[in-house]
1. Show me, for region 72-86, the HN-Hα J-couplings you get by feeding each phi into the Karplus relation (A = 6.51, B = -1.76, C = 1.60, θ = phi - 60°), rounded to Hz, glycine and proline as x.
2. By its C-alpha gyration tensor, with a ≥ b ≥ c as the square roots of the eigenvalues, how is the chain shaped: rounded for a/c under 1.5, else prolate for a/b larger than b/c, else oblate?
3. Defining a contact as two alpha carbons under 8 Å apart and six or more residues distant in sequence, what relative contact order in percent does the chain show?
4. Cβ neighbours within 10 Å, averaged per peptide: list 85-93, 54-62 in order, most packed at the top.
5. Quick one: if you stick a label point 7 Å off each Cα along the C-beta vector at R13 and S54, how many nm between them?
6. Given +1 on the Cβ of Lys and Arg, -1 on the Cβ of Asp and Glu, and no further charges, what dipole in debye does the chain carry about its Cα centre, rounded to the nearest 20?
7. In deg cm²/dmol and to the nearest 500, what is the mean residue ellipticity at 222 nm of the chain if only DSSP H runs of at least 4 residues count, each as -39500 (n - 2.57), divided by the residue total?
8. Full-extension gain between V111 and A61, please, as 0.36 nm times their residue separation minus the C-alpha to C-alpha distance.
Amino acid sequence: MSDTTPSTTCVFRCGAPVPPELATERMCVLHFTLCVERSCAEMRRESASGRLTSARQAHIARGLSGYAATLASVGTGTQRLSDELKRRILSTFLTVMVMRESLYRSAESEVAKYSSTAHLSRTA
Ligand SMILES: [Zn+2]
């Protein structure tokens with residue numbers, strides 16, 4: 001016997017259904033995408049500060065992979081999604097991709113900075 005009633009309610013008490021793919025997060029699709037967007041904005045600020053350690057970069061990269069996987073499973077999951085929610089998932093997915101790219105660039109510029117510093121110290 002299948003039970004299609006959501007077993008949990010959104011932690012934001014918006015009344016929207018929580019898909020099985022977001023049962024752990026206990027969030028509806030809209031609130032999950034909003035949380036991911038906010039989290040990416042915080043990561044972007046942190047990354048722009050240029051003070052990310054490689055361990056922190058790796059941690060953020062893992063978080064982004066997790067978001068991407070969850071968004072994909074929600075997007076192809078069992079809950080029927082409105083066109084608006086589909087657009088939202090795609091837009092949030094793009095935000096995650098852009099953040100990942102920005103993280104790579106930040107890591108590459110750190111390597112370049114280190115290399116040029118090492119080069120300068122060798123020539124000095
Ligand atoms: Zn909600």
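Laboratory data are not the source of any read-out in this text; all were calculated from the coordinates shown. What you see is a predicted model, and the numbers here were worked out from it, not measured in a lab. For neighbour counting, all protein chains shown are included, and Cβ atoms are generated from backbone atoms with ideal geometry for every residue, glycine included.
1. After applying 6.51 cos²θ - 1.76 cosθ + 1.60, I find 5, 6, 5, x, 10, x, 8, 6, 6, 10, 6, 4, 4, 5, 4 Hz.
2. Details: a/c = 3.41, a/b = 3.23, b/c = 1.05.
Prolate.
3. Details: 89 pairs, mean separation 31.3, N = 124.
Normalised by residue count, the contact order of the chain is 25 percent.
4. Most protected by this proxy first, the peptides run 85-93, 54-62.
5. That separation, rounded to one decimal, is 4.7 nm.
6. On the way: 16 positive and 11 negative charges, 75 e Å.
Here the size comes out at about 360 debye.
7. Helix contribution divided over all residues of the chain: -24000 deg cm²/dmol.
8. Additional length available on full extension: 16.3 nm.
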